[in-house]
Amino acid sequence: MRAWNRFVQGCASACLAFGLGASAFAYNPISTYHYLADPGAAADDEYFYIITDSDDPAPANASGYEIKALYGFRSKDMQNWTDFGIIYDARKVDGVDAIWASGIAKNPNDGRLYIVFPDGGGGGIVLIGADSIAGPWTNPLNGGKRLIGWGNAGISDCDGIGWCFDPAIFFDDDGQGYFTFGGGDSDSRPARDNGSDIFNIYKLDKDMKSYNPGTKTHLKIGGPQAMEASYIHKYKNKYYLSYSTADLRIAYGMSDSPMGPYEYKGIFMGNPNIGGQNINANNNNHHGIAEFKGHWYVAYHDRRISNGYDGLEKIPAEDGLPNPNPAFHRSVSIDEFTYNADGTMKELTFTKEGPEQLENFDPYDWYPALTSSKQKGIRSRSNWAPGKVAEHILLPLSSKESWIRVSGVDFGTAATGFTVEAASAAAGNKIEIRTGSASGTLAGTCELKNTGSKTSFEQNTCEVEGLKGIVNYLFLVFKGSQDSTMAIKAWGFEGSGTTPPTPHSAYEGKVVTLPAKIEAENYDVPGTGRGSDVKSYNDADSENQGDAEFRTDEGVDVVLGGTGKAIGYTSEGEWLLYTVNVPADGEYAIKASASTGMESTSFKFQVDGKDVGSEITVPQTGEDWSVYKEFDGGKATLTAGEHVVKLVITGNNVNVDWFSLGDVTGEVVTPGDSSRTALKAVAANLNSGAFSTYRVYNVKGKLVGIVDLNGKKAASALSEAGFDKGIYMLRSVNGNKKFMASVAK
């Protein structure tokens, strides 16, 4: 949970130090060894895909774009990406001058991937298709025509649009395909605030061989002046048109039809920044959106590498000169985003970490060499030719710190060996397999055969040890006395089995039976592995920044306060899980103790993923968060059995001490019995409608037990039940009757 309010509470320098020290294992951008831009995104049941164009050809002192090729990436888990290198190269295709910002989509009709790309700054829009992201990519249109082009080259022309580029492609649930394009400003197609008319959309034929020009529709939209990058996606039967604005942000509108009209809704992405620091040289913006395994992601470009942001290596330009002009040397990153309850898009938060890993990485496969979650001291080379899948090669700068990292690797019982296909033009080149870091525990070393050149490849095999279970970070470290004397094509491990993930479980293994008061810091214990069933909390950072020194190896911020400890430093979207047992069907009242120093904040509860009760709004309880107050959250209708309660933070900076489900005040303890049998008695009576059973409170209002009067006077029943001498308040379990009673001895 984020530590924003820690500054208000007086801890300044330590917090800043943490924020700067957490970047060593950051995941964005997805590639740090070349310059990429203008991403498009798509997904199917198995992979998330990103295509980018490349700023690599631009010299260090470039004063304009030099973009000639498309690169392709895919991932199963959203942290480890396979770079397939150049998948289409204008320099080797007749009639194509350049390839700029492009779009990609998976066609549900034929199962193929399709890309729409512009020929540079206005030569037209081209459609290509392939069976896989690696290619080969070919034009499926009748006669090899363009979708949009001048004269007889295209099925239609640019229709007066100022910039005939930045296309995108979209397939609806029924398989109907569409493509859009446009940008700039012209007399006939103006771009202006609250009235831009610079985008066209057309319906594609189902066989992908043509389209009807008569389906042309202008995608007019209000909001800030549009500039380029029209993009369409669908969420819960609503269509979204997002686009780049003239002031370098990403805006969007919503519609009931892919062809509009679209109602402007707001800004989805600001110009990329983290912690108030712009990471994009305050320059142009571009995006690609897709849903994958129940999550929504946006790929975008920034200038992290060329700016050396957060300690990233500033790689030289193609001409070998250092410190290339950031404006024309971009990098591609990705983050997850969410929607509001009304379907509007929440503005994206840019991160260093990128998305969380969705599943474990299986090492027992054969992977292209550029499969990794982070890299240092490497370069790559693609050998692409029309009609062929490119051979993409990893080139280590092995005399320096040179490695690739793979995250969340599941070795199961144990790995026994490692195989790598490599070329080596020198003696003494080797690959070290390490865990934890590039200098971490050594699991094995593969000496590479000297093949005499970087184009002659052989397989090299070595034994490994100590690789079992789930390894958070696996490093392939490249060592050699000379740079660029080895080339790596592919690698994989041999061994046995993978480890099934274990789900989250109740804190200390004790499932709480309702009704009960639950301390917020006693959230479920995370499981092992990756996947949605493993997580027990979602926090904005990976460290417990609280001062309670409680569960310090987990990311939830536990602070001192309230009845002892509380959840603090929270931000919207964070959540915690609690496994509970519901003894019987019924309605269970929701209450919670919380504090905030803000004007107002909020949180809510879900059970098994569905909202229950009402959202709890917390007004300022005290300027320093130390004053906790009790709040009513309505009632939850629950069925008997085991359930998962989710505490969801819906406003920033609220501290939560405890919450209760069922009519519970204080800690329920039966005199002389520290077990929770009294809780079960309460649960049974909640549904029985009995009037003879009463909760017993001491003079401080603490619930100290339960008594069944069963026709007896209260004093006698209390004495027989073992209550000490004193004054008590009795309240019937249905809440309709209460009175005071005393025990004389």
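Report yes if some residue within segment 294-309 is under 30 Å from residue 253 (Cα atoms), open to solvent by 50 Å² or more (accessible area, probe 1.4 Å), in contact (Cβ under 8 Å) with a residue 60 or more places away in the chain and not aromatic (Phe, Trp, Tyr); otherwise report no.
Yes, segment 294-309 has at least one match.
Within segment 449-474, can you find the residues that are buried (at least 22 other Cβ atoms within 10 Å of the Cβ) and assigned to a strand (DSSP E or B)?
Across segment 449-474, the qualifying residues are 471, 474.
Just checking, which of 412, 428 is open to solvent by less than 30 Å² (accessible area, probe 1.4 Å) and part of a loop (DSSP other than H, G, I, E, B)?
Working: 428 fails: open to solvent by less than 30 Å² (accessible area, probe 1.4 Å).
From the options 412, 428, the qualifying one is 412.
Inspect segment 192-212 for any residue being buried (at least 20 other Cβ atoms within 10 Å of the Cβ) and small (Gly, Ala, Ser) and give the result as yes or no.
yes
Condition first: in contact with a Gly (Cβ under 9 Å, 6 or more places away or on another chain) and in contact (Cβ under 8 Å) with a residue 24 or more places away in the chain. Can you find one or more residues in segment 314-324 that meet it?
Step one: of segment 314-324, the residues in contact with a Gly (Cβ under 9 Å, 6 or more places away or on another chain) are 314, 323.
With in contact (Cβ under 8 Å) with a residue 24 or more places away in the chain added as a condition, the list becomes 323.
Among the residues of segment 314-324, at least one is in contact with a Gly (Cβ under 9 Å, 6 or more places away or on another chain) and in contact (Cβ under 8 Å) with a residue 24 or more places away in the chain, which makes the answer yes.
Can we say residue 682 is open to solvent by less than 40 Å² (accessible area, probe 1.4 Å), more than 35 Å from the chain's Cα centre (by Cα), modelled with pLDDT under 50 and more than 19 Å from residue 563 (Cα to Cα)?
Against the criterion (open to solvent by less than 40 Å² (accessible area, probe 1.4 Å), more than 35 Å from the chain's Cα centre (by Cα), modelled with pLDDT under 50 and more than 19 Å from residue 563 (Cα to Cα)), residue 682 qualifies.
State which residue is nearest to residue 398 (Cα to Cα) when the search covers only segment 475-506 and only residues that are of a type in the set (Val, Ile, Thr) and assigned to a strand (DSSP E or B).
By that ranking, first place goes to 477.
Starting from residues that are surrounded by fewer than 19 Cβ atoms within 10 Å (Cβ to Cβ) and β-branched (Val, Ile, Thr), keep the ones in segment 541-571 and report whichever is nearest to the chain's Cα centre (by Cα).
552
I'd like the full set of residues that are assigned to a loop (DSSP other than H, G, I, E, B), buried (at least 20 other Cβ atoms within 10 Å of the Cβ) and either in contact with a Pro (Cβ under 8 Å, 6 or more places away or on another chain) or of a type in the set (Ser, Thr, Tyr) (or both), limited to segment 119-174.
124, 164, 165, 166, 167
Can you confirm whether segment 475-487 contains a residue that is open to solvent by 20 Å² or more (accessible area, probe 1.4 Å), over 30 Å from the mean Cα position of the chain (by Cα), within 30 Å of residue 664 (Cβ to Cβ) and not β-branched (Val, Ile, Thr)?
No - not one qualifying residue is present in segment 475-487.
Give all pairs with beta carbons closer than 8 Å in which a residue from segment 178-194 that is free of Cβ contacts under 8 Å to residues at least 24 places away in the same chain and over 13 Å from residue 221 (Cβ atoms) meets a residue that is open to solvent by less than 80 Å² (accessible area, probe 1.4 Å) and basic (Lys, Arg); count only pairs at least 6 apart in sequence or on separate chains.
none
Quick one: in segment 527-551, which of the residues that are at pLDDT below 90 and hydroxyl-bearing (Ser, Thr, Tyr) is nearest to residue 626 (Cα to Cα)?
Filtering segment 527-551 for residues that are at pLDDT below 90 and hydroxyl-bearing (Ser, Thr, Tyr), the one nearest to residue 626 (Cα to Cα) comes out as 542.
Tally time: how many residues in segment 80-110 are outside any strand (DSSP E or B), open to solvent by 10 Å² or more (accessible area, probe 1.4 Å) and hydrophobic (A, V, I, L, M, F, W, C)?
Residues that pass the stated criteria total 3.
In segment 645-674, what residues are over 13 Å from residue 518 (Cα atoms) and at pLDDT 85 or above?
Result: 648, 649, 650, 651, 652, 653, 654, 655.
Going residue by residue through segment 385-396, is there one that turns out to be under 26 Å from the mean Cα position of the chain (by Cα) and over 21 Å from residue 33 (Cβ atoms)?
No; the residues of segment 385-396 include none that is under 26 Å from the mean Cα position of the chain (by Cα) and over 21 Å from residue 33 (Cβ atoms).
Can you pull out every residue in segment 52-79 that is open to solvent by less than 10 Å² (accessible area, probe 1.4 Å), in a loop (DSSP other than H, G, I, E, B), farther than 23 Å from residue 145 by Cα and touching a strand residue (DSSP E or B) at 6+ places or on another chain (Cβ under 9 Å)?
55, 77, 78
Suppose the filter is open to solvent by 10 Å² or more (accessible area, probe 1.4 Å), assigned to a strand (DSSP E or B) and not aromatic (Phe, Trp, Tyr); does residue 446 pass it?
no
Between a first residue in segment 428-451 that is over 21 Å from residue 482 (Cα atoms) and a second residue that is open to solvent by 40 Å² or more (accessible area, probe 1.4 Å) and among the acidic types (Asp, Glu), which pairs have beta carbons less than 8 Å apart while being 6 or more apart in sequence or on different chains?
443/465; 444/463; 444/465
When you go through 25, 48 one by one, which is the residue that is at pLDDT below 95 and at negative phi?
Working: 48 fails: at pLDDT below 95.
Criteria check complete, one pass: 25.
This table checks each residue for (1) polar (S, T, N, Q); (2) part of a strand (DSSP E or B); (3) more than 19 Å from the chain's Cα centre (by Cα).
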| site | (1), (2), (3) |
| --- | --- |
| 231 | no, yes, yes |
| 242 | yes, yes, yes |
| 251 | no, yes, yes |
| 258 | no, no, yes |
| 266 | no, yes, yes |
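Which is more than 29 Å from the chain's Cα centre (by Cα), under 21 Å from residue 533 (Cα atoms) and open to solvent by less than 60 Å² (accessible area, probe 1.4 Å), of 641, 634, 622?
641
In this structure, does residue 178 turn out to be open to solvent by less than 50 Å² (accessible area, probe 1.4 Å), more than 17 Å from residue 69 (Cα to Cα) and aromatic (Phe, Trp, Tyr)?
It is true that residue 178 is open to solvent by less than 50 Å² (accessible area, probe 1.4 Å), more than 17 Å from residue 69 (Cα to Cα) and aromatic (Phe, Trp, Tyr).
Could you check how many residues of segment 443-474 are more than 33 Å from the chain's Cα centre (by Cα), of a type in the set (A, V, I, L, M, F, W, C) and within 22 Å of residue 392 (Cα to Cα)?
Counting residues in segment 443-474 that are more than 33 Å from the chain's Cα centre (by Cα), of a type in the set (A, V, I, L, M, F, W, C) and within 22 Å of residue 392 (Cα to Cα) gives 3.
Among 528, 513, which is in contact (Cβ under 8 Å) with a residue 12 or more places away in the chain, open to solvent by less than 40 Å² (accessible area, probe 1.4 Å) and of a type in the set (Ser, Thr, Tyr)?
513
Pull up segment 415-425, narrow it to residues that are closer than 16 Å to residue 456 by Cα and in contact with an Asp or Glu (Cβ under 8 Å, 6 or more places away or on another chain), then point me to the one that is surrounded by the most Cβ atoms within 10 Å (Cβ to Cβ).
Out of the qualifying residues, it is 422.
If residue 574 satisfies all but one of (1) at pLDDT 95 or above; (2) surrounded by 17 or more Cβ atoms within 10 Å (Cβ to Cβ), what's the number of the condition it fails?
(1)
I need every pair where a residue in segment 713-733 that is within 17 Å of residue 695 (Cβ to Cβ) has its Cβ under 9 Å from the Cβ of a residue that is among the acidic types (Asp, Glu), sequence separation at least 6 or different chains.
So the pair list comes out as 717/708; 721/708; 731/663; 733/663.
Six or more apart or on different chains, Cβ atoms under 9 Å: show the pairs whose first residue is in segment 580-601 and of a type in the set (Phe, Trp, Tyr) and whose second is open to solvent by 50 Å² or more (accessible area, probe 1.4 Å).
588/635; 588/637; 588/686
Please tell me if residue 208 is more than 30 Å from residue 375 (Cβ to Cβ) and outside any strand (DSSP E or B).
So residue 208 fits the description; yes.
The values are calculated or read from the model by the stated rules, or taken from the named source; none is laboratory data. Computed from a prediction, not measured in an experiment: that's the story for all the values here. Note: ideal-geometry Cβ built from the backbone for every residue, glycine included; neighbour counts use all protein chains shown. Note: accessible area is taken over every heavy atom of the protein model, side chains too, but ligands, DNA and RNA are not part of it. Shrake-Rupley method; radii C 1.70, N 1.55, O 1.52, S 1.80 Å.
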